[in-house]
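Notes follow once the structure below has been shown.
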Amino acid sequence: MMKTRSLAGIFVLLVACSSAAYAQSLVEEFSFTIKDFKMDHQTQTNNLNISISYRYIANIQKSDYPDFRWLAKDVESLLANYPNKDDYWEIVNKQITSLLLNKYPGIARVTCELKVDPSNLVPYTRSSRVTRERTTPKSNRKRIG
């Protein structure tokens, strides 16, 4: 009788542990840095260090993972051809995050930290950090009509 109770207790414990294994959530993130990128902006050549981090959408499929080098090239291309040379760095940074989130559907959230080294005109290190998230439509909105 004692062995049966012990075995039943072990069985209940195993079932509880295996059920708990399915109650996990998974968050995947990736990051990279573009170091010493030169950008002509605000009447001078600036040295930028750019850190990009992003979170993937839930249950991302293997084919939806972007190669981070694509993102890096897109950022470099945007900055090399940036149209408004007078924009504040915060505006430049918002453009970076907008580009990446719009172009890569496998990304749920992106953060860009843009650091600008001191220069002859501005003797301070400056930085801007922008996080942008993909919004999902509300499925429980009341329909009119």
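Please find the FRET efficiency linking Asn84 to Ile57, where r is the Cβ-Cβ separation and R0 is fixed at 30 Å, and quote it to the nearest 0.05.
Working: r = 31 Å, r/R0 = 1.04.
The calculated FRET efficiency here is 0.45.
So which of Lys38/Lys115; Lys85/Lys115; Lys62/Lys115 end up more than 23 Å apart by C-alpha? From the list (Lys38/Lys115; Lys85/Lys115; Lys62/Lys115), the Cα-Cα distance tops 23 Å for Lys62/Lys115.
Working ranking of peptides 38-50, 98-110, 76-88 by packing, defined as the average number of other Cβ atoms within 10 Å per residue, highest first, is 98-110, 38-50, 76-88.
Let's test the formula: R0 of 25 Å, r as the Cβ-Cβ distance of Glu133 and Thr43. What FRET efficiency results, to the nearest 0.05? Could you put the intermediate results ahead of the total?
Working: r = 34 Å, r/R0 = 1.35.
Using R0 = 25 Å, I get an efficiency of 0.15.
Read-outs throughout are calculated quantities, based only on the coordinates presented, and are distinct from any laboratory measurement. Just so it is clear, the model here is predicted, and its values are computed rather than measured. Note: ideal-geometry Cβ built from the backbone for every residue, glycine included; neighbour counts use all protein chains shown.
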